[in-house]
Amino acid sequence: MLTRREFGQRGAALLTAAGVRLPMWERALRPMVAPASSTERPLLLGVDYYPDQTPENLWEEDARLISEAGLTNVRIAEFAWSLMEPSEGKFDFTWLKHSVEILHKHNIAVILGTPSAAPPPWLTEKYPEILMVNSEGMTVHPGGRRFTCPTNKTYRKLSLTIATEMAKNFAETAGIIGWQIDNEFTLQQFGRCYCKYCREGFQDWAKQKYGTLDSLNQKWGTAFWSQIYTDWRQIPVPLPSNGPPNPGLALDYDRYQSYANASFAGEQLVMLRKECPQHFITTNSVGAPFDTLNLRELFRDLDFVSNDNYPGFAAMFMEGEVTPERVGRSSAISHDSMRSVKGGKPFLIMEEQSGKAGQPSFGPQPHPGQLRLWAFQAIAHGAMGVNYFRWDTARFGAEEYWHGLLNHDRSKSPGFEEIIRTVADMKVLGREALESSYVAETALSFDQDCDWALQIQPGHPKLTYRDQLVEWYGAVAGANTGTDLIHLDEDLSKYKAVFAPVQYVVGARQAENVRNYVRNGGMFVAGFRLGAKDESSQIVNMPLPGLLRDVMGATLKDYVPIYTEKVGVAFEQQLAGREGQCGLWADLLVPESATVLAKYVGAYEGAAITMNAFGKGKAVYIGADLDGTSLSRVIRTLLEMAGSKSEFTSPPAVEITRRRAGGREWVFALNHSNEGQKITVSGTFTSVLDKKNFDRELELKPYEVVVLKRS
Ligand code: GLA
Ligand code: ZN
C-alpha cells in the first residue's frame, strides 16, 4: 500500500462531555503532576524525548530545560526494545525508571511507548520467521523498522511480553500517565505483509466472515479463471501471479491486514487495561489521505486518537507547485480525518514538526511563524494537546536530519523560542478551549473500501482515490464552515451537506443511510463512479448508480475513461460560470427525475451534473472529473444552496475554524501564506491571546494565527 516514499511524494470535552463519567485514567491523572494547588490533570503540551539515545549525564539538564520551556509531558521509549530486553527474557528497566524519576522530579508527566515497531537484532536472528514478506513476495530485512508480520504468533507473543513487563514495572510509577501502543501501524515502506502466517490468518478470517466455501466462492466470483476453492487452505494471498488478482479476494485481503494490525494492538491494549487501569492508552497514526488501515477499527477501544503532523514532509515531496496553502491543506485533511475517527472527540498530536524535516534529505526550513501556525492549526481542528517531535536532534541513526528543539550541538534550534511562546499561548487559551468540540457543518466521505478497491482496479491508470479526496476536500473545506471525514453509514443528520467523491463501493446500509439523510432534508453530493461496486467488490447487477439511482434521480448512459479527447463541461444557469474541463473520467448521465445542471461539450453526449429533489432534500451527481477551479466553484455554490456559508469573508490562504463548549465559541483564523491577508467579520470579536478588539475587518500578518471570541 502506502510507502514512506509515496507518503512524501504525495504529497474532555474529551470524555468529560456533560454527564459522562470520567474514565479511570482521567480521574487518576487529576492529582498527578499538576501544580500542587490544582486538582486537574496536566494539559498535554510536550515533547517526544529519547533518553535511550542520550548520555545519562544529560538527563537532568534535559528535564530541567523541558520543564523551564513550559512543557508538561514527554513520550519516551517507543524505540528502546533492545535496551529494555537486551537478550530474550532478560529485562532491564533501571535506566528507564531513572529517567522517569528525573522527569517526574521536574514535574514532567510521561507517556510510555511500547516498542513493538522495532525489535532488536537478537530477536530477528533467533526468529527470522517474524519478518514481513512484501507484495513482491520478498522477505523484508531487519535494520529499519516496521519490518515485522502483524499475524505471526511468535512476534505477537514477544511484543506482548515486553509490553507486559513494561506495564508491570511502571503501573505504579509516579509520573506515568499513559501509553502509546507501538508506533504508526499504518506507515511503513510496505503496507501489507504477504507471509505464510498472514496467509493462514487470512484463511481463518475468511472462514469467520463467509462461513462456507460456497458463500466465499460466490462473493468472490471464483468461477472466473478457474479459482473455485474446495478447501480453506487453498486460498492464496494476492502475490504476483501473472495476472491481476481476484478483486474480491484482494479487497478482503486489505481488510484482513487492517484487522491483523488492529488485533495486534488489541492484545497489548487488553493487557494494559488490566495492568494499568489508571493510565490512558492510545496509538499514533497519520490520517487521511495516507493511512493504509481502517482507523475506526484500530482506535475503536483506545481512549483517544493521536496524530503525527509533519507539514514539512508533505512540502518536501508534493507534486506541482508547493504553496503554503497546499501544505496547510495537507495537514488540515489529516486532522479532520483523525478527529472524525472517534466521532469528533479531541485528539492528541503525538508528534508535531519542530524544525527541518528529513531522513536522508532535509526538508524546507519552516519560516518564522510556520511552526506556530501548524501547531495552532492542529488545535484549530480539534486537538487537545501537542507533543513536539523531538526534544533534541539525533547525531546518529536514520533520522539525524530530523530537527528537534535542540540542535545537534544542543544549542536552541531556530524554532525554539517560537515553540515555547506557542505552548505558553496554548496555556492561555486554556483547557476549556483545548477540549471543546470542533464545529462541522459539512462532511466528506473517507472510505477505505473505496480507496483500496480503486487501488486494486483504478479504472483509469491515473485515477486515485486519494487525489480525488484531496481535491474535493480542498473545495469543501475551503468554504470554512467545518468539515468532518466520515463513513456514509454514520449519523449524517447533523450536516448541511455530505460529499462523496468516487464512492465506488456502496453497501446496502450506506445507501439506506444516504437515502434517509436526503429524504429528511440533507444535501448529498456524489462524484463519478458512484455505486459501481458492492461490498464484495462485484459490479452491481443493476443500472448505475446502483442502489442510489432513485435518490440521485439519474442513471448512466455510459461511463467513459478519458485519454486523448478534449471534453468540456458547460454549466446551466444555477451553476453559471466558464466552461469547465473534464479530466480523467466522464459518467454520461441521463436525468430521470433530476434536473440537468451541466452538460458535456465535445465527444460525448449527456448530462455532466444533475440535481434531484428527493423527499425534503437534494441529491447532486457530479459525473465529470471536473478541473479544480470548476469543482471549487460548483461545490461552493452547492454549499450556499444548502445554507452552509461562513460568516467571514476570507481569501483562499486563510483558514477559519470554530470550536465550541457550552455557550462559548472560539474562532481560529490561520494565515497560511507568507503575505499579509485581510478577512472581514460580522459582529465584534476580541482576540483571546492579545485582547485586541475587531469590528468588521481583521488583518493577519504572514503565517499569523488569531483566536477570536465574540465580544
Ligand atoms: C514518524 C515516526 C517517528 C519519526 C517521525 C519523523 O512520525 O513516528 O518515529 O520517524 O516520523 O520521521
Ligand atoms: Zn505476515
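Reducing the range 119-179 and the range 639-709 to their Cα centroids gives an inter-centroid distance of 46 Å. Taken as Cα centroids, the range 233-252 and the range 436-469 sit 23 Å apart, rounded to the nearest whole angstrom. When its C-alpha radius of gyration is set against 2.2 N^0.38 Å (N residues), the range 654-710 gives a value of 1.07. Couplings 3J(HN,Hα) of the range 632-645, computed from phi: 4, 5, 4, 5, 4, 5, 5, 4, 5, 4, 7, x, 10, 9 Hz, in residue order, whole Hz [Karplus 6.51 cos²θ - 1.76 cosθ + 1.60, θ = phi - 60°; x for Gly and Pro].
Take peptides 634-646, 557-569 and line them up by average Cβ neighbours within 10 Å, highest first, as a rough protection proxy. Write out the running numbers ahead of the final one.
Values: 634-646: 19.1, 557-569: 15.4.
Sorting 634-646, 557-569 by mean packing, highest first, produces 634-646, 557-569.
Treating each Cα of the chain as an identical point scatterer and summing with the Debye formula, the log10 of I(q)/I(0) at q = 0.08, 0.09, 0.11 Å⁻¹ comes to -0.64, -0.81, -1.21. Rounded to the nearest whole Hz, the Karplus-based 3J(HN,Hα) values (6.51 cos²θ - 1.76 cosθ + 1.60, θ = phi - 60°) of the range 323-337 follow the sequence 9, x, 5, 5, 5, x, 5, 5, 7, 4, 5, 5, 4, 4, 6, with x at glycine and proline.
Across all directions of projection, what mean area in square nanometres is found for the Cα convex hull of the range 576-704?
Details: hull surface 45.4 nm².
In nm², the orientation-averaged hull projection of the range 576-704 is 11.3.
Counting only DSSP beta bridges with both residues in the range 14-436, the antiparallel share comes to about 15 percent.
Under 5 Å from the amide H of Asn309 lie the amide H atoms of Glu351, Glu352, Gln353, each residue being 5 or more positions distant or on a separate chain, with H modelled from the backbone and absent for Pro and chain starts. Between Glu432 and Ser361, the modelled labels are 4.8 nm apart [label points 7 Å from Cα along Cα→Cβ].
For the range 442-641, DSSP calls about 60 percent of its internal beta bridges antiparallel. Taking the average, over residues, of other Cβ atoms within 10 Å as the packing measure, peptides 55-62, 679-686, 99-106 rank 99-106, 679-686, 55-62 from highest down. Fully extending the segment from Arg509 to Ser67, taken as 0.36 nm per residue of separation minus the present Cα-Cα distance, adds 154.0 nm. Residues in the range 342-349 carry Karplus couplings, in order, of 10, x, x, 4, x, 10, 10, 8 Hz; the curve used is 6.51 cos²θ - 1.76 cosθ + 1.60 with θ = phi - 60°, and Gly or Pro positions show x. Remark: the Lys207-Tyr559 segment gains 123.1 nm on full extension, using 0.36 nm per residue and subtracting the alpha carbon distance. With the biggest extent put first, the Cα atoms of the range 254-301 measure 33, 19, 11 Å across the principal axes. Put simply, the C-alpha atoms of the range 442-641 give a gyration tensor, and the ellipsoid matching it has half-axes of 21, 19, 17 Å, longest first.
The Thr323 and Asp92 beta-carbon pair, evaluated with R₀ = 45 Å, returns a calculated FRET efficiency of approximately 0.35.
Here is the link list: Lys219/Lys533; Lys678/Lys701; Lys557/Lys618; Lys356/Lys678; Lys462/Lys566; Lys342/Lys494. Which ones come out longer than 20 Å on Cα distance? Checking Cα-Cα distances, Lys557/Lys618; Lys356/Lys678 exceed 20 Å. Here the spin labels are modelled as points 7 Å beyond Cα on the Cα-Cβ line, and at Phe396 and Arg296 they lie 4.6 nm apart.
What does the charge dipole of the range 654-710 about its Cα centre add up to, to the nearest 20 debye, if the Cβ of each Lys and Arg holds +1 and the Cβ of each Asp and Glu holds -1? Each step should come with its number before you reach the end.
On the way: 11 positive and 8 negative charges, 75 e Å.
The dipole magnitude comes to about 360 debye.
Averaged over residues, the count of other Cβ atoms within 10 Å places the peptides 604-616, 469-481 in the sequence 469-481, 604-616, highest first. With a cut-off of 20 Å on the backbone N, the residues of the range 583-613 near the modelled label site 7 Å out from Lys462 along Cα-Cβ are 583-588, 600-604. Beta-bridge orientation, the chain: approximately 55 percent antiparallel, per DSSP, counting only bridges with both partners inside. What's log10 of I(q)/I(0) for the range 14-436 at q = 0.07, 0.11, 0.13 Å⁻¹, Debye sum over Cα points only, no solvent? Listed by q, the Debye log ratios stand at -0.35, -0.85, -1.17.
Annotation: amide H of Thr555 within the under-5 Å range of Val590, Glu592, sequence separation 5 or more or interchain, hydrogens built in the peptide plane. The amide H of Asp48, built 1.01 Å from its N in the peptide plane, has Arg75, Tyr388, Phe389, Trp391 as neighbours under 5 Å, considering only residues 5 or more places off or on other chains.
Set the Förster distance to 56 Å, then compute FRET efficiency between Ser226 and Glu56 from the Cβ-Cβ distance, nearest 0.05. Rounded to the nearest 0.05, the efficiency is 0.30. When the Cα convex hull of the range 69-208 is projected onto planes of every orientation, the mean area is 9.9 nm². Positive-end ranking of Leu469, Asn480, Ala603 along the dipole of the range 442-641, with charges on Cβ about the Cα centre, is headed by Asn480. Taking the Cα centre of each part, how many Å lie between the range 582-630 and the range 475-517? If we compute the Cα centre of each part, the gap is 18 Å.
Rule-based calculations on the coordinates, nothing more; no lab input. Values in this document were obtained by computation on a predicted structure and should not be read as measured data. All Cβ positions, glycine included, derive from the backbone under ideal geometry; neighbour counts span all protein chains shown.
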